[in-house]
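These notes are about the structure you will find just below.
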């Protein structure tokens, strides 16, 4: 708008940057993401077969139980609008937020009666099992009572966290979908959550990336304090192992490609740019200093092969240092990121110290580290052609696990078989 005052132009340009394309197309038609097939070592492109709103036939962590008070709580998961409240026994329950009478929002209502939720529009009142037990606007003799029913989502509260079954079928044993430390009473669970503006699959594929820790996370606290944060640089494919059709374990193979005398050099020369990476060696001072205080952090991950370092369906990442990360889909390009960390202190003083350490040290470090993943992965266009490299083998294997071995894939195949039988019989 002005020759020398460029504030208008700068604002427009900032808006253009903020609105640049990313993720998957909104409201994908037919459950696919509608992009071209990619090339390279990955072969067939599996991305169109990955549900943008997540796998359905699984237990998901939803929220901390402490978030529920006297009022109903609106929540969104896998594109479903839901309402959480407490039933007559005080347990957390979940219903569809859509009132079956006229489609009003149940979360806009009130819990006038302990354990029951009344819709704000006409007073349709539901119990924790989704049954309409009263219809206030029609009085005690309303025929709606006993006839209206809201959709319910099975829930279980474990160690202060609410888990929800999002599937259509009978809930699977929750032990198959929830990390084993949640069921070990001698361990403490510390957790937190945030949001990433990206598709859930991008959020977990990020962990399959062969070795971006040395690059994306070069300024993270973990990278500055350890020369073991992430995998070594290598042009060779890492190996993975699928366990029980649910876990994908990273084998961290081919890590010594550039090793000399048994040690991978810290700096390497790149002839194409006539320079080295990392650019500076001063970071080694931090690594040498913090190596004096090095401690292990995830021995319990090694007790169960299926729950080792790597991935676990439906959207779980098991990372170094004993941390677990969920990427729960909210919308096509938004996911709720949960962080969990386990400690094993036995005394009350030790447990208090572990809690304080998580809040003041561990949690900020994890947020800083994974926030760098968020910044790097969010702009990815998940519909664009790819040229996958051998080092993307873990990404390909993860996609195959989701598309071919998930409960959703098995259920869809069963439905397809039944459909063929019905048409043949007809």
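The values are calculated or read from the model by the stated rules, or taken from the named source; none is laboratory data. Since the structure is predicted, the reported quantities are computational estimates derived from the model, not experimental observations. Using ideal geometry, Cβ is built from the backbone for each residue, glycine included, and neighbour counts are taken over all protein chains shown.
Can we say residue 252 is closer than 30 Å to residue 410 by Cβ and at pLDDT 80 or above? When the stated conditions are applied, residue 252 does not pass them.
Please tell me if residue 296 is at pLDDT below 70 and in a loop (DSSP other than H, G, I, E, B). Walk me through it before giving the result.
Numbers: at pLDDT below 70: yes; in a loop (DSSP other than H, G, I, E, B): yes.
When the stated conditions are applied, residue 296 passes them.
I'm checking my understanding of the structure. Among residues of the range 319-339 that are within 18 Å of residue 183 (Cβ to Cβ) and surrounded by 23 or more Cβ atoms within 10 Å (Cβ to Cβ), which one is farthest from the chain's Cα centre (by Cα)? By that ranking, first place goes to 324.
In this structure, residue 52 does satisfy being surrounded by 16 or more Cβ atoms within 10 Å (Cβ to Cβ) and under 30 Å from residue 402 (Cα atoms).
For every residue, the table says whether it meets (1) modelled with pLDDT of 95 or more; (2) surrounded by 13 or more Cβ atoms within 10 Å (Cβ to Cβ).
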residue: 2; (1), (2): no, no
residue: 12; (1), (2): no, no
residue: 22; (1), (2): no, yes
residue: 61; (1), (2): yes, yes
residue: 84; (1), (2): yes, yes
residue: 95; (1), (2): yes, yes
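Please enumerate the residues belonging to the range 233-244 that are crowded, with 16+ Cβ neighbours inside 10 Å, in a loop (DSSP other than H, G, I, E, B) and touching a residue at least 60 places away in the same chain (Cβ under 8 Å). Residues satisfying the conditions are 234, 237, 238. If you go through the range 365-379 one residue at a time, do you hit one that is closer than 14 Å to residue 55 by Cβ, at pLDDT 85 or above and surrounded by 16 or more Cβ atoms within 10 Å (Cβ to Cβ)? No, there is no match, as no residue in the range 365-379 is closer than 14 Å to residue 55 by Cβ, at pLDDT 85 or above and surrounded by 16 or more Cβ atoms within 10 Å (Cβ to Cβ).
Looking across the range 323-382 at every residue that is part of a loop (DSSP other than H, G, I, E, B) and in contact with a helix residue (DSSP H, G or I) (Cβ under 7 Å, 6 or more places away or on another chain), the one that is nearest to residue 25 (Cα to Cα) is identified as 382.
Return the total of residues in the range 65-85 being without any contact (Cβ under 8 Å) to a residue 60 or more places away in the chain and in contact with a helix residue (DSSP H, G or I) (Cβ under 9 Å, 6 or more places away or on another chain). Result for the range 65-85: 8. Cβ-Cβ distances below 7 Å connect no pair with a first residue in the range 116-136 that is in contact (Cβ under 8 Å) with a residue 60 or more places away in the chain, a second residue that is buried (at least 23 other Cβ atoms within 10 Å of the Cβ) and assigned to a loop (DSSP other than H, G, I, E, B), and a separation of six or more residues or different chains.
The residue list 34, 54, 42 contains one member that is at pLDDT below 80, touching a strand residue (DSSP E or B) at 6+ places or on another chain (Cβ under 6 Å), closer than 20 Å to residue 205 by Cα and not in a helix (DSSP H, G or I), which is 42.
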